[in-house]
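K.L.:
Sharing a structure below in structure tokens format, with a few things to ask.
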Amino acid sequence: MLAALFAIGASVEAQTPNGANQSSGVSVAQLVAAQCPKFTSQIVDRPELKSILSQRPVDIVVVCTCTQRSFLADARLQKALNVDDQALVERMQDERMRAYLTMRLMASVLGCLTPELERALAAASPVK
């Protein structure tokens, strides 16, 4: 999960000021949306969850739509991302910014995954 988030940071850093056609916040949001299925799969594809989740699989599209919405709802993060491309590149190199992005992404994915897991538990029995 963390490696993919750092890939998001690297992708943002790789954007050149002349090459970015969209606002920085939208670019980061698109990168989060692209990485979310991998993050979610790392959690729900665990072998010990298979017996429950095979009965009622997690809807990763629902989780990722929610995750992106939650990620974008962070006003402090949006303020930090709403800068010109060069400032964004510099911020993405900062350890504190990467830590904040990591925590925001984790909180968003887990917050959005929890209702899906609860639905799976409601559809399953702990015993045969």
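Coordinate-derived values only; no laboratory data. Keep in mind it's a predicted model, so treat the numbers as computed, not measured. Quick reminder, even Gly has a Cβ in these numbers, built from the backbone with ideal geometry, and neighbours come from all protein chains shown.
K.L.:
Around Tyr100, with a cut-off of 12 angstrom between Cβ atoms, what is the net charge of the other residues, counting Lys and Arg +1 and Asp and Glu -1?
P.N.:
+3
K.L.:
In what sequence, highest mean first, do 115-124, 79-88 appear when ranked by Cβ atoms within 10 angstrom?
P.N.:
79-88, 115-124
K.L.:
Sort the range 29-128 into rounded, prolate or oblate with this rule: let a ≥ b ≥ c be the square roots of the eigenvalues of the Cα gyration tensor; rounded if a/c is under 1.5, and if a/c is not under 1.5, prolate when a/b is larger than b/c, oblate otherwise.
P.N.:
Because a/c hits 1.5 or more and a/b exceeds b/c, the range 29-128 counts as prolate.
K.L.:
Let me ask something else. Gap in Å between the Cα centre of the range 91-128 and the Cα centre of the range 38-60?
P.N.:
13 Å
K.L.:
Shifting gears a bit: Run the dipole for the range 75-128 about the Cα centre, Lys and Arg Cβ at +1, Asp and Glu Cβ at -1, nothing else charged, and hand back the magnitude in debye, nearest 20.
P.N.:
260 debye
K.L.:
For Arg46 paired with Ala33, estimate the spin-label separation in nm (one decimal), with each label point 7 Å from Cα along the Cα-to-Cβ line.
P.N.:
So the two model labels end up 2.9 nm from each other.
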